[in-house]
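The values are calculated or read from the model by the stated rules, or taken from the named source; none is laboratory data. Everything numeric here is computed off the predicted structure, so don't read it as measured data. FYI the Cβ positions are ideal-geometry reconstructions off the backbone, even for glycines, and counts take in every protein chain you see. These accessible areas exclude ligands, DNA and RNA; they are computed on the full protein's heavy atoms, side chains included. Shrake-Rupley method; radii C 1.70, N 1.55, O 1.52, S 1.80 Å.
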Amino acid sequence: MPIRRILLALPLAGLSLIAHAEPLSFNAALDLAERQSPNLAASNAQLDASRSAAIPAGALPDPKLITGVDNYPVSGMDGGHLKRDFMTMQKIGLMQEVPNADKRRAREDVAAADIEASAARREVSRLQVRRDTAIAWLNRYYLERKLDLFTQLERENRTLDDAVRAQIAGGRSPVADAVIPKQEAARLADRQDDLSRDLAKARAALRRQIGSAGDDVLIGDAPAWPIDANHFHQHLQRHPELQASAADVQRAAAEVREADAGKKSDWGVEVAYQKRAPEFGDMVSVQFTFDLPVFTARRQEPQAAAKRAELDRAEAERDDMLREHVNQLDNDLADYAALERQLDRAENTSLPLASQKVDLLTAGYKAGRVDLSSVIAARRELIDEHLRLIDLQRQRAITAAQLHFAYGDETQ
């Protein structure tokens, strides 16, 4: 293929790749993050490990094979012979140790609590992945809205430049006013560069969650979740972090029961077949063993006391976590309520008044009654109000996302 045709084909290939890039909706981003998250994969592996570890939790220990020789003579006329003395026996048998039933049930309870804790922590990881992805998507979404606003502001600034030129031509403004729109354009370009930098960081944050799809074109509006304080307070106990903490308490309680069961005797049984010389009959023996926990004050009791202290620690940490979540929920609800009120004032009061001020000062400037600097100052106030409105919308959306992924239907 000629070089010229290759060079012409390169831009078309780039356009083809862009055309085939799928738009990225909010829900699609969450699904991608959940499928690709290494943290969630690690939590899934931990849950699988807990389930596998629970299978042998209450099982008996493996039996032991017994083999050897009993009563082997080492001196006298029969010394060194296996078949001369009638007491000499070759033995083979099995021994089975049997921990007491309370101890086995406690071990099963410990394993069940581990599964519950792993499942709850997996849910914590899943919601954290979805929350972080939601915040990254929302940050990018609202930064793009800000940049769209600056595209409109550039057009308005060009219109202002034309109006200033007309005023100067009509002798109603000083010639020095001609540079003011250019200065304002430079200021707008600086602010636009800052936003472009922030948008690049927001894209990187989204790529951190979902890979290269974080650069795809965003589609759809920001989600709107219902914020019901009563609903969140009622579902507070179902937060997966609290459920994981409750499972830790259950595990500690089961370990206390296991330690207390150590005061009860374990037992074992041994069955052996004993072969003697042909002229003597073979034998079978059965024996039982029992543990004798006679020094509980120095052995089992200190271990049980340690486990009870661990239970106290787990319960205290659960109570502290509950208080922390109640506090965080109340803070987030207070933030959301304040943002709602501020957003309402910005939309219905501050922004309309700033726009009205610009219109009045612009009309006064055209009539020669107002200087250009007043118009520029009013336009800057209007720009700030527009940007503040978008910031308030972003903060409200992020606060709602934090509430939703912590206490909303995602935990059900």
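What is the projected area of the convex hull of the Cα atoms of the range 127-181, averaged over all directions, in nm²?
Working: hull surface 17.9 nm².
Here the figure is 4.5 nm², rounded to one decimal.
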- Provide the per-residue ³J(HN,Hα) series for the range 267-283, in order, calculated from phi with Karplus coefficients 6.51, -1.76, 1.60 and θ = phi - 60°, each as a whole number of Hz, with x at glycine and proline positions. 9, x, 9, 10, 10, 9, 10, 10, 9, 10, 4, x, 7, 10, x, 6, 9
- Message: Need one number for the range 284-325: average projected area of the convex hull over its C-alpha atoms, nm².
- Response: 5.2 nm²
- Message: Test of understanding: express the Cα radius of gyration of the range 308-399 as a ratio to 2.2 N^0.38 Å, with N the residue count.
- Response: 1.94
- Would you grab the residues whose amide H sits under 5 Å from the one on Ile66? Only those 5+ places off in sequence or on another chain, please, with H modelled 1.01 Å from N. Gly93, Leu94, Met95
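For the range 18-101, what value does the Rg/Rh ratio take when both radii are computed over Cα atoms and Rh is the Kirkwood radius, given to two decimals? Display every interim value, and only then the final one.
Working: Rg = 32.0 Å, Rh = 20.0 Å.
Over the Cα atoms of the range 18-101, Rg/Rh equals 1.60.
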- Task: Compute the signed sum of charges (Lys and Arg +1, Asp and Glu -1) over the other residues within less than 11 Å, Cβ to Cβ, of Met77.
- Result: -1
- Query: When the helices in the chain are scored as -39500 (n - 2.57) per DSSP H run of 4 or longer and the sum is shared across all residues, what 222 nm value do you end up with, to the nearest 500 deg cm²/dmol?
  - Reply: -23500 deg cm²/dmol
- Message: At a threshold of 8 angstrom on Cα-Cα distance, excluding pairs fewer than six apart, so keeping six or more, what relative contact order does the chain reach in percent?
- Response: 23 percent
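On average, how much area does the Cα convex hull of the range 264-357 cover when viewed from any direction, in nm²? Show your work: numbers first, answer last.
Working: hull surface 60.9 nm².
Convex hull of Cα atoms, orientation-averaged projection: 15.2 nm².
Give Lys201/Lys357; Lys91/Lys263; Lys146/Lys182 a once-over and call out the pairs whose C-alpha atoms are over 26 Å from each other.
Values: Lys201/Lys357 35 Å; Lys91/Lys263 34 Å; Lys146/Lys182 21 Å.
Violating the 26 Å limit, Cα to Cα: Lys201/Lys357; Lys91/Lys263.
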- Task: At 37 °C and 0.692 mPa s, grab the translational diffusion coefficient of the range 159-287 from Stokes-Einstein with a Kirkwood Rh over Cα pairs, rounded to a whole number in µm² per second.
- Result: 128 µm²/s
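Where does the charge balance sit around Lys64 when Lys and Arg score +1, Asp and Glu -1, over other residues with C-beta under 10 Å from its C-beta?
Values: positive: none; negative: Asp62, Glu97, Glu270.
Every neighbour counted, the sum reads -3.
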- Above 39 angstrom, tally the Cα pairs of the chain and express them as a % of all pairs, no decimals. 55 percent
- Residue by residue through the range 147-160, which ³J(HN,Hα) values in whole Hz follow from phi under the Karplus form 6.51 cos²θ - 1.76 cosθ + 1.60 (θ = phi - 60°), with glycine and proline marked x? 5, 4, 4, 5, 4, 5, 5, 5, 5, 5, 5, 5, 5, 5
- Once phi is turned into θ = phi - 60°, what whole-Hz ³J(HN,Hα) does the Karplus curve with 6.51, -1.76 and 1.60 give for every residue of the range 111-120, x standing for Gly and Pro? 5, 5, 5, 4, 5, 4, 5, 5, 5, 5
- Theoretical gain in end-to-end length, Gln96 to Ala338 [0.36 nm per residue, Cα-Cα removed]: 80.3 nm
- With every protein chain left in place, what is the accessible area of Val69 in Å² (1.4 Å probe, nearest 10)? 70 Å²
- Message: Can you tell me, using C-alpha contacts under 8 Å and at least 6 residues apart, the relative contact order of the range 80-216 as a whole percent?
- Response: 26 percent
- Report, to two decimal places, the Cα Rg of the range 139-226 normalised by 2.2 N^0.38 Å (N = number of residues). 1.56
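Please work out the FRET efficiency for the pair Arg187 and Arg345, using the Cβ-Cβ distance as r and a Förster radius of 30 Å; give the result to the nearest 0.05. Display every interim value, and only then the final one.
On the way: r = 26 Å, r/R0 = 0.88.
Taking R0 as 30 Å, the efficiency between Arg187 and Arg345 is 0.70.
Return the Rg/Rh ratio of the range 252-292 with Cα-based radii and a Kirkwood Rh.
Working: Rg = 18.8 Å, Rh = 13.4 Å.
My calculation of the ratio gives 1.40.
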- Item | Length gained when the stretch Asn71-Arg323 is fully extended (0.36 nm per residue, less Cα-Cα span) | 83.8 nm
- Query: Given that compact globular proteins tend to follow 2.2 N^0.38 Å, what is the ratio of the alpha-carbon Rg of the range 90-188 to that value?
  - Reply: 2.95
- Item | Tilt relative to the chain, helix 180-210 - C-alpha long axis, 0 to 90 degrees, to 10 | 20 degrees
- Task: Rank by packing, highest mean first: peptides 313-324, 239-250, with packing defined as the count of other Cβ atoms within 10 Å averaged across residues.
- Result: 239-250, 313-324
